[in-house]
Amino acid sequence: MSKFTAPLIVECIDGTNWKLHESFNFYLEGDVHKIIVVPKGYVTDFASVPKILRIFAKNSELFNKASILHDFLYDGTTGYSRENCDEFYRDGMRVFGMSDFRSNIFYKMCRLFGKSKWGGQ
């Protein structure tokens, strides 16, 4: 299974966006040599998820790091495909114990509606 490193340390900078105070790594399942580093200073809104869908998370801790990872990857500069980025998001939620059913809902929403956000647009 994939895994994250380091605790999540963020600061709200404007009521909507948050700044990462410490970088963290995401180790990809099956290949310990593939590591995605989300850098210190990265700014995120956590997830552009309709509030109604957040009920499927029950606890935002189950998707906060995964959401930051997904935002970071979605800028389109890391070399991963959009599909890979969405898969990493689903995998990241599972790392924190979100069920397959619930993580698949978020994954499917990204697949359906994420295209407009892909590439930092």
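Taken together, the values in this text are just the output of simple stated rules run on the coordinates, not laboratory data. Note that the structure is a prediction, hence the values are computed from the model and not measured. Note: ideal-geometry Cβ built from the backbone for every residue, glycine included; neighbour counts use all protein chains shown.
How many residues, within the range 91-106, are in a helix (DSSP H, G or I), buried (at least 21 other Cβ atoms within 10 Å of the Cβ) and not polar (S, T, N, Q)?
Restricting attention to the range 91-106, the residues satisfying the condition of being in a helix (DSSP H, G or I) are 91-95, 100-106.
Remaining after also requiring buried (at least 21 other Cβ atoms within 10 Å of the Cβ): 92-93, 103, 106.
The next check asks that each one be not polar (S, T, N, Q); those that pass are 92-93, 106.
Adding up the residues that qualify gives 3.
If you take the residues in the range 1-41 that are touching a residue at least 60 places away in the same chain (Cβ under 8 Å) and in contact with a Ser or Thr (Cβ under 6 Å, 6 or more places away or on another chain), which one is surrounded by the fewest Cβ atoms within 10 Å (Cβ to Cβ)? Break it down stepwise before answering.
Here is the first cut: in the range 1-41, the residues touching a residue at least 60 places away in the same chain (Cβ under 8 Å) are 1-4, 8, 26, 28-29.
The next check asks that each one be in contact with a Ser or Thr (Cβ under 6 Å, 6 or more places away or on another chain); those that pass are 28-29.
Working: Leu28: 17, Glu29: 15.
Of everything passing the filter in the range 1-41, Glu29 is surrounded by the fewest Cβ atoms within 10 Å (Cβ to Cβ).
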